[in-house]
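Have a look at the structure below, then the notes.
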Amino acid sequence: MINKSSSISLDTELQQLTARLLSPRSRYGHMALLLAALMMCVLLGALLATEPALSDRTQAALVVMLCIGSCWVAYAFWVLRQRRPLLANHRIVAGWMAVAFTAVFAAGALGMTVATGSATFYAAAAVGVGMLVLAVAVLVQAYRHVAWLQARRLELERQIREQE
């Protein structure tokens, strides 16, 4: 039988698990992401607005980068606004964004490699594939972390129900 103090301990641990605020380190990281992505978007937007003579291919690449930067701004703002880790679901969202954006980069570099045969694009494609592998690994780790947190929460809830 579980005593009264362990019941309080379980209840406290469950509350900490589900109501924890983002750590200061995580808040600072997301703030840095927000500022960096915002600066990138401002610079890309200014470049697109002030350089109309850029080739269509260059303008398309800049627009894609502007869209990617805007998505990172929205993500960082969303996480900072929530102020809670949401059982680490924000990590899954970031992981999927990283996979999608690196896949776009890798596909673009591979496409340019095929179109031009340039050694520069071979190198860019290799880097893109490496980043994609890393992004997938981060996504898998995020899913594992969320599964562990959910399992722990369910276990604590089960233990509390058994006490009652």
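Bear in mind these aren't lab numbers, they're just calculated from the coordinates by the rules spelled out. This structure is a prediction, so every number in the text was calculated from the model and none was measured. Here the Cβ positions follow ideal geometry from the backbone for every residue, glycine too, while neighbour counts run over all protein chains shown.
A few comments on the model shown:
- The label point for residue 38 and the one for residue 140, both projected 7 Å from the Cα toward the Cβ, are 3.6 nm apart.
- Cα pair count fraction exceeding 20 Å, expressed as % - region 21-83: 36
- In region 68-137, the trypsin sites (Lys or Arg not before Pro) that fall in loop regions by DSSP, at most 15 other Cβ within 10 Å: 83
- Solvent-free Debye calculation, one equal scatterer per alpha-carbon of region 86-164: log10 I(q)/I(0) at 0.11, 0.15, 0.17 Å⁻¹ equals -0.45, -0.62, -0.70.
- Taken one residue at a time, the phi angles of region 129-145 give Karplus couplings (6.51, -1.76, 1.60, θ = phi - 60°) of 5, x, 5, 5, 4, 5, 5, 5, 4, 5, 5, 4, 4, 5, 4, 5, 5 Hz. Gly and Pro are set to x.
- Integer Hz, Karplus 6.51/-1.76/1.60 couplings in order for region 99-114, x for Gly and Pro: 4, 5, 6, 6, 5, 4, 4, 4, 5, x, 5, 5, x, 5, 4, 5
- Note on residue 151/residue 103: beta-carbon distance plugged into 1/(1 + (r/R0)^6) with R0 of 25 Å gives a FRET efficiency of 0.25.
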